[in-house]
1. With each pseudo-label sitting 7 Å past Cα toward Cβ, what's the K69-L273 distance in nm, one decimal?
2. Say the dipole of segment 1-114 comes from +1 at the beta carbon of Lys and Arg and -1 at that of Asp and Glu; which of M46, L83, A16 then lies farthest toward its positive end?
3. Under 18 Å between alpha carbons, and skipping anything fewer than 8 positions from K27 in its own chain: which lysines qualify?
4. In nanometres, what is the gap between the two model label sites at K141 and Y229, each 7 Å from Cα along Cα-to-Cβ?
5. Taking only Cα atoms and a 10 Å spring cutoff, compute GNM fluctuations for the chain and point out the largest among P210, P142, P43.
6. I'm checking a number: the convex hull volume of the Cα atoms of segment 109-176, normalised per residue, in Å³. What is it?
7. Report ³J(HN,Hα) in whole Hz for each residue of segment 261-278, in order, from the Karplus equation J = 6.51 cos²θ - 1.76 cosθ + 1.60 where θ = phi - 60°; Gly and Pro get x.
8. According to a simple spin-label model (label point 7 Å from Cα along Cα-to-Cβ), what is the distance in nm between K40 and R220?
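What follows draws every value from the coordinates through simple rules; no lab data is involved. Because the structure is predicted, anything quoted here is derived from the model rather than measured. Please note: Cβ atoms are built from the backbone with ideal geometry, for glycine as well, and neighbour counts cover all protein chains shown.
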Amino acid sequence: MAKPEVYFHVGLGKVASTYLQYRFFPKLRGIQYIQRTRYKKSPQLMAQGGTEKYLISREFDQQFEEEIKWFSSYYPDSKVIILLRRHDGWIASQYRRYVKNGGHLSFAEFFDVEGDTGLWKRHHVYFYPLLQLIEQYFTQKPLVLFYDDFKADPWAFFDQMATFMGATYDKSAISLDAVHPSYSEKQLKVMRRVAARIFGKEQPQFSTHPIRHWLQRRGRLLACYLILYPAKLWPAAWTRQEELTPEVDKQKIRAYFSADWDQCRAYAKALELERRLA
């Protein structure tokens, strides 16, 4: 039996991955979407047959190479889709998620672009090497899309993605509403302040046992929500006035990774032209 045509969305965290996985991908016609929760079983599911074209989506960050190496061992001819977000906005959004989940380091302690002493290291933030890894492990060059284009014109963005996959969709079936609620700067500042007092160690140590790991992780998230929601009522006057993600730090990040960003934009433009001429 011939192998199916496979499209593999390798989503980075905080680049609309969850939105696409729940709002857009399930609505596509002409392609079978395997939900993110079944990602590890996807090679077996596709091997069972049933359709000629599949879409798999999974969110990666620091596990990127490990995961695409694993998936490509089954389907090296997969056509990869990747979304990129400018480095300063991406790191700022990653930091907001880190605080939401109980982290209490400052933005500069989370990511120190100058000294590289932060929790996240500079080598985790380069994007162009990810494109090179995709070319290394897959036989097809990826479709490279950008978060700013999605925010500016989601319908044109959806059209580009659907055309690449040879799929269609009903516009009236797509909701532009976010999947998860966003938290205000005030809520996150309160979260960071309280977390520093109640969670102790910077990085939580969860059990390796699956059930205990799930219970410990869910317990911590529940504790975070019990802080975040009442924080809406916290008087703004009692909240420190400094920026959660200072603009001066984001400008440094943007400048430091400007060459990497330009490489990614040029790569995507060259591939787009190549496909038009094909």
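1. It works out to 3.4 nm between the two label points.
2. The one lying farthest along the dipole's positive direction is M46.
3. K53, K171
4. About 5.0 nm, to one decimal.
5. Of P210, P142, P43, the Gaussian network model singles out P210 as fluctuating most.
6. Once divided by residue count, the hull of segment 109-176 is 143 Å³.
7. Listing the rounded values in order: 5, 4, 4, 5, 5, 5, 4, 5, 5, 5, 5, 4, 5, 4, 6, 5, 7, 5 Hz.
8. 1.8 nm
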